[in-house]
1. Looking at GLY70 and the list (1) closer than 20 Å to LEU115 by Cβ; (2) small (Gly, Ala, Ser); (3) in contact with a strand residue (DSSP E or B) (Cβ under 8 Å, 6 or more places away or on another chain), which single condition is not satisfied?
2. Provide a single number: the residues in segment 93-145 that are assigned to a helix (DSSP H, G or I) and among the aliphatic types (A, V, I, L, M).
3. Just to be sure, is GLY88 within 12 Å of the chain's Cα centre (by Cα) and under 22 Å from VAL7 (Cα atoms)?
4. Provide a single number: the residues in segment 1-31 that are free of Cβ contacts under 8 Å to residues at least 60 places away in the same chain, surrounded by 13 or more Cβ atoms within 10 Å (Cβ to Cβ) and not in a strand (DSSP E or B).
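Bear in mind these aren't lab numbers, they're just calculated from the coordinates by the rules spelled out. Computed from a prediction, not measured in an experiment: that's the story for all the values here. Ideal geometry is used to build each Cβ from the backbone, glycine not excepted, and the neighbour counts take in all protein chains shown.
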Amino acid sequence: MSDLLHVGCPHCKKMNRVPAQRLSDGPKCGACKGALAEGAVAELSDAEMPGYTGKSDLPVLVDFWARGWGPCKAMAPEFQSAAKSWRGQVAFAKVNTEQAQQASARFGIRSIPTLILFRNGKEIARQSGAMQASQLTAWLRTQLG
């Protein structure tokens, strides 16, 4: 019997059970039929964040950002690029601090962009400041071993 992983859909945010060895086969969401492991970035609200980060068997990297902030704009394509590189290994998500104020307050976001890496719903690492995709990848490798 294969090991099943809980993987959040970046499109509809529903959790899906996927055999670990099938993550590289392009699994689809059972609810919306969107691709689960293509490297898409989920956009999370206050209500969606706890379930998405807490129920995923994959580590979840969340970018806390704001729309009009220059460093956040500069980092957005880098974050997307890193998401594609880590598809099937790490789930990537964004939280707009202007809209999701409860999540921002809960995690004490004082500067943006701030990245928080979650495993089983718990924060395991944090990094503030814009990064290039290569820097983000190096940081993730350090954090995940």
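1. Answer for GLY70: the failing condition is (3).
2. First pass over segment 93-145, keeping only residues assigned to a helix (DSSP H, G or I): 101-106, 133-144.
The next check asks that each one be among the aliphatic types (A, V, I, L, M); those that pass are 103, 105, 133, 136, 138, 140, 144.
Selection size over segment 93-145: 7.
3. When the stated conditions are applied, GLY88 passes them.
4. 11
Conditions (1) over 15 Å from the mean Cα position of the chain (by Cα); (2) without any contact (Cβ under 8 Å) to a residue 40 or more places away in the chain, marked per residue:
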{"site": "GLN102", "(1), (2)": "yes, no"}
{"site": "GLY108", "(1), (2)": "yes, yes"}
{"site": "ALA125", "(1), (2)": "no, yes"}
{"site": "LEU136", "(1), (2)": "no, no"}
{"site": "THR142", "(1), (2)": "yes, yes"}
